[in-house]
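Single-structure report; data block below.
The values are calculated or read from the model by the stated rules, or taken from the named source; none is laboratory data. Because the structure is predicted, anything quoted here is derived from the model rather than measured. Methodologically, a virtual Cβ is constructed for each residue, glycine included, from the backbone with ideal geometry; neighbour enumeration extends over all protein chains shown.
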Amino acid sequence: MDPSLFSRYLLRSIEAHERWTRSRSPYVPDSSLEVDEDRIAAAFDELMHRLGECYPFFHPSYIGQMLKPPHPAAMLAYFAAMQINPNNHALDGGPATSTMEKEAVADIGRMFGYDAPLGHLTGGGTVANLEALWVAREIHPDKRVVFSDQAHYTHRRMCDLIGLKYMEIPSDASGRMDIDSLRNALYSEEIGTIVATVGTTGLGAVDPVHSIVAIAEEFGCRVHADAAYGGFYTLLARGEACLLDPVPFRAIPSCDSIVIDPHKHGLQPYGCGCVLFRDPSVGMIYHHDSPYTYFTSNDLHLGEISLECSRAGASAAALWFSLRCFPLERESGLGPILRGCREAAITWADLIRTSTELYIVTEPMLDIVTWFPRPVTMSACGISLVSEKMFEHAMRAPAPKFLSKFRIPTAKLQMRYPEIRPDAEDTTVLRSVLMKPEHRSHISTFHSELEELARVISSECDQ
Ligand SMILES: *Cc1c(COP(=O)(O)O)cnc(C)c1O
């Protein structure tokens, strides 16, 4: 978005807000709220200085964690609504933004082929998953929930929190839930819910949702899809020539609940997760009353179907507005943004596969590429050492690259590279999240630069 367009509309939102506040009888803000300009100026300078210490998340050379700035469209709507500060807990606190939330959530539901789901936004994916796990516990109180050993770490913590028994299912060499192991678990344990991860946080692996859904039907279990990271990739799984394996994505509509993080691939600032339930009658489980709220309307207050109380109406406004600008479509809107990310990952994986300096850990299923530089000896310690060095060197290179590290069981790495000596239980490799479409046009250059750096590092290690 052109910066002048952004500032023009930002100014318009400030003016609109001023007009809105002037539409009521005039009043004088209390003098206790005043702050003098010197203080503002000094604090502002310090703020800008401190913020400058962040890594450049916006830049294509930042291929580290799952981080990027929100789209300016989202910031604009967030700011416009934040001036009012609606609370989407209840229609009392956020009538306009609650409606926007319902519309945006319905859009996301339609993307997954849910007809009339029950759903709402949350502070993030963790709380959204907590709600799905809690509903799973209410429906099958004495049965276990299972997820793969690559599932997000918060599942274990949330299960402990709500006293839900769980079990981990081993994953295969690509980081997907192993279906034979799942089947064995189902024969030996009472399992109520299977969590399928659509885009694991480490390797970006997509569990075989289609197989999981079929087995769940056979055993009478529920399926929850944790699509916090990969959910929006469902857009690319439509039609022909998908750029990714569409089969698991096409089974998502058969899952009982879905979590997706608009603050990851949905262009939003942090504070925007989403949980959806296919069967709206699970709303009964949330049943409660509030002595303070739910008064202005008999319509559904979002607080009546969520575990959190206060939530920023501005988050809903930002998502709603972003979906107006970038509809959930394959060929326009959000689709082409995701395509850029996916193509960057495919291009890079192709380059690494034929490289003598870099090695791929597993074929990327989405936009996360895991790799390591050529070690002096093919051992877990050797790989960890060159990966650590690469991480440090890349950040200090003349054209810096910001990478992230990932610890993987050495046994998993040996499935692809049987020659690795397992002199440590875990091996550190590098993990690159290509979640910006600009990576596509930069990745070949980055690859050459990282290869060059790998050469330097191996000759250093050799000596
Ligand atoms: C990021 C992520 C989560 C946690 O979501 P937050 O928004 O960070 O709370 C859960 N599951 C998966 C697969 C994720 O990628």
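Tell me whether the stretch 167-184 contains one or more residues that are within 16 Å of the ligand (Cβ to nearest atom) and acidic (Asp, Glu). The answer is yes; a qualifying residue exists. Of all residues in the stretch 131-151, those satisfying the criterion of being surrounded by fewer than 23 Cβ atoms within 10 Å (Cβ to Cβ) and either out of contact with any Phe, Trp or Tyr (no Cβ under 8 Å at 6 or more places or on another chain) or modelled with pLDDT under 95 (or both) are Trp134, Arg137, Glu138, Ile139, His140, Pro141, Asp142, Lys143, Asp149.
A count restricted to the stretch 6-34 and to residues that are touching a helix residue (DSSP H, G or I) at 6+ places or on another chain (Cβ under 9 Å) and among the aliphatic types (A, V, I, L, M) stands at 3. Could we say that His210 is under 17 Å from Gly113 (Cβ atoms), within 12 Å of the ligand (Cβ to nearest atom) and either buried (at least 24 other Cβ atoms within 10 Å of the Cβ) or not hydroxyl-bearing (Ser, Thr, Tyr) (or both) here? It is false that His210 is under 17 Å from Gly113 (Cβ atoms), within 12 Å of the ligand (Cβ to nearest atom) and either buried (at least 24 other Cβ atoms within 10 Å of the Cβ) or not hydroxyl-bearing (Ser, Thr, Tyr) (or both). Looking at Cys221, Cys272, Cys255, just one residue is more than 16 Å from the ligand (Cβ to nearest atom) and either within 19 Å of Val105 (Cβ to Cβ) or buried (at least 18 other Cβ atoms within 10 Å of the Cβ) (or both), and that residue is Cys221.
Only a single item in (1) buried (at least 24 other Cβ atoms within 10 Å of the Cβ); (2) more than 10 Å from the ligand (Cβ to nearest atom) is not met by Asp261, and it is number (2). Look through the stretch 105-132, keep the residues that are in contact with a helix residue (DSSP H, G or I) (Cβ under 7 Å, 6 or more places away or on another chain) and over 22 Å from Ser310 (Cβ atoms), and return whichever of them is nearest to the ligand (Cβ to nearest atom). Among them, the one singled out is Phe112.
Summed over the stretch 312-349, residues that are buried (at least 22 other Cβ atoms within 10 Å of the Cβ) and outside any helix (DSSP H, G or I) total 1. Close Cβ contacts (under 6 Å, 6 or more residues apart or on different chains) running from residues in the stretch 116-129 that are more than 17 Å from Asn88 (Cβ to Cβ) to residues that are near the ligand (Cβ under 8 Å from one of its atoms) and part of a loop (DSSP other than H, G, I, E, B) comprise Gly125/Ala228; Gly125/Asp261. All conditions but one from (1) part of a helix (DSSP H, G or I); (2) of a type outside the set (Phe, Trp, Tyr); (3) over 16 Å from Arg311 (Cα atoms); (4) more than 12 Å from the ligand (Cβ to nearest atom) apply to Lys102; the one that does not is (3). For the residues Asp299, Asp289, the requirement of being of a type outside the set (Val, Ile, Thr), within 30 Å of Gly93 (Cα to Cα), surrounded by fewer than 17 Cβ atoms within 10 Å (Cβ to Cβ) and free of Cβ contacts under 8 Å to residues at least 12 places away in the same chain singles out Asp289. Taking the condition charged (D, E, K, R), without any contact (Cβ under 8 Å) to a residue 12 or more places away in the chain and over 17 Å from Tyr229 (Cα atoms), does Arg137 pass? No; evaluated as a whole, the condition is false for this residue.
Out of all the residues in the stretch 275-302, which are assigned to a loop (DSSP other than H, G, I, E, B) and within 16 Å of the ligand (Cβ to nearest atom)? Residues satisfying the conditions do not exist here. Taking the criterion of being touching a residue at least 60 places away in the same chain (Cβ under 8 Å) and touching a Gly at 6+ places or on another chain (Cβ under 6 Å), the residues of the stretch 185-205 that qualify are Gly199, Leu203, Ala205. Restricting attention to the stretch 298-343, the residues that are of a type in the set (Lys, Arg) and in contact with a strand residue (DSSP E or B) (Cβ under 9 Å, 6 or more places away or on another chain) add up to 1.
Scanning the stretch 185-204 for residues that are buried (at least 23 other Cβ atoms within 10 Å of the Cβ) and more than 16 Å from the ligand (Cβ to nearest atom) yields one hit, Ile191.
For the stretch 171-192, state whether one or more residues are touching a Cys at 6+ places or on another chain (Cβ under 7 Å) and either assigned to a helix (DSSP H, G or I) or among the small types (Gly, Ala, Ser) (or both). Yes; the residues of the stretch 171-192 include at least one that is touching a Cys at 6+ places or on another chain (Cβ under 7 Å) and either assigned to a helix (DSSP H, G or I) or among the small types (Gly, Ala, Ser) (or both). With respect to (1) at pLDDT 95 or above; (2) under 29 Å from Cys341 (Cβ atoms); (3) in contact with a helix residue (DSSP H, G or I) (Cβ under 6 Å, 6 or more places away or on another chain), the lone exception for Pro422 is condition (2).
A Cβ distance below 8 Å, combined with a sequence gap of six or more or placement on separate chains, defines the contacts here; from the stretch 254-267, residues that are farther than 17 Å from Ala136 by Cα and among the small types (Gly, Ala, Ser) reach residues that are at pLDDT 95 or above and assigned to a helix (DSSP H, G or I) in the pairs Gly266/Phe232; Gly266/Leu319; Gly266/Ser322; Gly266/Leu334.
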